[in-house]
Amino acid sequence: MTRKGKNSSNSSKSARSAIDEIELVPTNTGRSKNPVWEHYHQGKETSAGHWQAMCKYCNTRWGKGVIYEMENHLASHCLQVPRNILRHYINLVEEKDKEPELGKKRKSNSGIQRKITSSFKKTQMDDPVQEKNITRALVKAFALCGIPWHIIENPFFIDALKQLNPAYDPPSREVFVNRHFETELTKINKKIHDELQHENNLTLGKI
């Protein structure tokens, strides 16, 4: 009994220490926040519209809280999140994936890249579904083949993509990993949760 109380005390001290590190500020200031902030401690503002954040369940911290990253954390990474909240954010991430793509595009600030791609006609994808399918296929290829994520911004790789489809403009590395990969991961987790819910007399244990 004494040991349990001591561990609980140490855990509480650790959590308080982590909260102190992000310099908490009142959450009722400024414009209304995204509902995901209900599950995070809000720290000081680090840039326009962005604050430090710390998960209330597992104490994972961000120097700059980004909404879709915080949602993906609750859907796929937090091991302490309550089941109903986990389910909510799994469904939310999946629903957002069905919406039109509004993510940031890759910045074309490389002289080499401009030179390589200059011969291609400037066009846009007519079918957003096709664009999403191409990106999804790339995510699976990168993840399953162990291709480094930074290759998505390599000018020679982009040139190869343009040869296949001049209208396709790959996303930035940040969006490719933090949004598209995380969305695919959430879909896998959702399938697992759905299958487990329909299993009867299921027992999980260590081998």
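No lab work stands behind these numbers, since they all come straight from the coordinates. Since we're looking at a predicted model, the values are computed, not measured. Reconstructed Cβ throughout: ideal geometry from the backbone, glycine too, with neighbour counts over all protein chains shown.
Between residue 60 and 55, the built amide H atoms are under 5 Å apart, and every one of these is 5 or more places off in sequence or on another chain.
Under 5 Å from the amide H of residue 40 lie the amide H atoms of 56, each residue being 5 or more positions distant or on a separate chain, with H modelled from the backbone and absent for Pro and chain starts. With the simple model of a label 7 Å out from the Cα in the direction of the Cβ, residue 194 to residue 167 spans 3.0 nm. For residue 51, the residues 5 or more places off, or on other chains, whose built amide H falls under 5 Å of its own are 46, 65. Whole-Hz Karplus values for the stretch 58-69 come out as 10, 6, 5, 10, 10, x, 9, x, 10, 3, 5, 6 Hz, taken residue by residue from phi with 6.51 cos²θ - 1.76 cosθ + 1.60 and θ = phi - 60°; glycine and proline positions read x. Cross-link pairs exceeding 28 Å between alpha carbons, from the set 162/191; 56/96; 98/191: 162/191. With each label modelled as a point 7 angstrom along the Cα→C-beta vector, the residue 147-residue 77 pair spans 2.3 nm.
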